[in-house]
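What follows is a set of notes on a single structure, which appears directly below.
The values are calculated or read from the model by the stated rules, or taken from the named source; none is laboratory data. Quantities reported herein were computed from a predicted structural model and do not represent experimental measurements. Neighbour counts are summed over all protein chains in view; Cβ atoms, including those assigned to glycine, are modelled from backbone coordinates with ideal geometry.
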């Protein structure tokens with residue numbers, strides 16, 4: 001490695017997205033020196049536009065809730081599900097777990113920039129368009145090699161600890177060979193933004209709409225309304241479901257929607273003015289969530305599936321947990337990253353995993369669309385859909401696999 005100028009910092013956060021902005025702000029609020037390195041220039045496009053209620057707990061913890069509330073994002077009270085003639089909804093203001101009720105549907109370009117700007121206002125330094133191309137964790141203080149994209153200038157940063165919130169960029173997993181194959185099937189999403197013109201169709205703009213394909217139960221759609229009269233719409237399916245369909249992404253997405261009458265009705269007057277995009281094989285996993293001198297946040301560690309919009313919640317929760325532990329460590333305490341970060345974080349991730357798997361095998365869909373559910377059970381399920389997948393007082397969190405199996409059997413038998 002050639003000799004480069006070396007900058008000394010206390011904490012480096014990779015990525016200025018939600019996990020990086022939250023972690024940086026929380027550490028700065030506790031008096032620590034924080035440098036955030038972000039490869040892109042904000043605002044920039046991202047999916048994951050429907051926030052769960054639990055997200056706002058961490059936004060509030062980071063001192064950003066007033067700014068988010070004042071930004072004019074679309075209010076979200078819950079989630080609605082449609083399958084053929086069936087329709088059901090869950091209200092996040094009525095859940096088993098105490099916490100935030102209503103949340104927001106957001107254009108991520110605007111939301112992520114707002115959080116990053118709020119972190120900067122609190123004193124966090126963010127450098128945009130700078131990429132980390134090499135790392136060295138062999139010494140007591142990690143060393144990162146950084147390249148400024150504007151002019152190619154290279155330098156190094158030495159620090160006490162690195163938090164990787166790089167999301168799909170997965171910087172440390174790539175550079176430290178931490179990636180491991182996900183055991184989730186390869187699925188592909190095709191999506192776009194449209195002017196939905198959905199007035200009079202029964203579309204509730206204060207809920208995300210999840211629609212199951214009428215005959216292919218493993219194929220589903222998201223419809224996420226924004227406050228500007230537009231919405232995000234996408235289809236998610238196993239890669240094999242795209243075989244024999246139009247290669248043109250817009251035509252492919254429209255074909256799926258035309259096969260789904262209830263969603264086609266919502267979007268019958270939509271103006272399709274933005275070319276569709278696709279993302280596939282997004283599920284990811286790692287060999288370890290932490291190591292000497294680093295910890296992984298959010299999607300940089302593991303991403304399951306977009307069906308319950310859990311990605312940003314996991315990202316923010318991991319940021320809050322890591323920032324709290326790192327504050328203790330930098331203050332001289334001995335902390336156990338496995339016991340106090342990895343294991344408890346994965347409990348919630350694994351809870352989401354059970355319900356994602358149940359969605360695709362049909363068992364959780366049977367529960368969602370069951371019309372005679374007891375109100376208290378619905379409130380427990382609603383809590384998980386609102387993001388409170390770490391509340392062990394909720395029986396469907398404490399024993400998710402067994403509870404879901406028993407409940408699904410009841411629903412399927414009646």
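Among the residues of the stretch 230-251, write down those that are more than 15 Å from residue 193 (Cα to Cα) and assigned to a helix (DSSP H, G or I).
239, 240, 241, 242, listed by residue number.
Of the residues 176, 149, 172, which is buried (at least 21 other Cβ atoms within 10 Å of the Cβ), in the same structural domain as residue 323 (by TED's automatic domain parsing) and in contact (Cβ under 8 Å) with a residue 60 or more places away in the chain?
Details: 176 fails: buried (at least 21 other Cβ atoms within 10 Å of the Cβ); 149 fails: buried (at least 21 other Cβ atoms within 10 Å of the Cβ).
Of the residues listed, the single one that is buried (at least 21 other Cβ atoms within 10 Å of the Cβ), in the same structural domain as residue 323 (by TED's automatic domain parsing) and in contact (Cβ under 8 Å) with a residue 60 or more places away in the chain is 172.
Yes or no, residue by residue, for (1) without any contact (Cβ under 8 Å) to a residue 12 or more places away in the chain; (2) under 22 Å from the mean Cα position of the chain (by Cα):
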residue: 190; (1), (2): no, yes
residue: 200; (1), (2): yes, no
residue: 206; (1), (2): no, yes
residue: 209; (1), (2): no, yes
residue: 234; (1), (2): no, yes
residue: 241; (1), (2): no, no
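Scan the stretch 201-221 for residues that are in a loop (DSSP other than H, G, I, E, B) and more than 14 Å from residue 237 (Cβ to Cβ) and jot them down.
Let us first name the residues in the stretch 201-221 that are in a loop (DSSP other than H, G, I, E, B), namely 201-206, 213-219.
Within the stretch 201-221, 201, 202, 203, 204, 205, 206 meet the criteria.
In the stretch 314-346, which residues are out of contact with any helix residue (DSSP H, G or I) (no Cβ under 8 Å at 6 or more places or on another chain) and not in a loop (DSSP other than H, G, I, E, B)? Even if it seems obvious, please write down each step before you answer.
Initially, the stretch 314-346 is screened for residues out of contact with any helix residue (DSSP H, G or I) (no Cβ under 8 Å at 6 or more places or on another chain), giving 328-334, 336, 338-339, 342-343, 346.
Matches in the stretch 314-346: 328, 329, 330, 338, 339, 342, 343, 346.
Just to verify a result, which residue in the stretch 180-200, among those that are at pLDDT below 95 and buried (at least 16 other Cβ atoms within 10 Å of the Cβ), is farthest from residue 247 (Cα to Cα)?
So the residue we want is 182.
Answer yes or no as to whether residue 94 is surrounded by fewer than 19 Cβ atoms within 10 Å (Cβ to Cβ), in a helix (DSSP H, G or I) and touching a residue at least 24 places away in the same chain (Cβ under 8 Å).
Working: surrounded by fewer than 19 Cβ atoms within 10 Å (Cβ to Cβ): yes; in a helix (DSSP H, G or I): no; touching a residue at least 24 places away in the same chain (Cβ under 8 Å): yes.
Judged against the criteria, residue 94 is not a match.
Would you be able to tell me the number of residues in the stretch 382-409 that are more than 15 Å from residue 350 (Cα to Cα) and in contact (Cβ under 8 Å) with a residue 40 or more places away in the chain?
Of the stretch 382-409, the ones more than 15 Å from residue 350 (Cα to Cα) are 382-383, 386, 393, 405-409.
With in contact (Cβ under 8 Å) with a residue 40 or more places away in the chain added as a condition, the list becomes 382-383, 386, 393, 405, 407-408.
Number satisfying all stated conditions: 7.
What about residue 135, is it over 21 Å from the mean Cα position of the chain (by Cα) and either part of a strand (DSSP E or B) or within 21 Å of residue 289 (Cα to Cα) (or both)? Walk me through it before giving the result.
On the way: over 21 Å from the mean Cα position of the chain (by Cα): yes; either part of a strand (DSSP E or B) or within 21 Å of residue 289 (Cα to Cα) (or both): yes.
So residue 135 passes the test.
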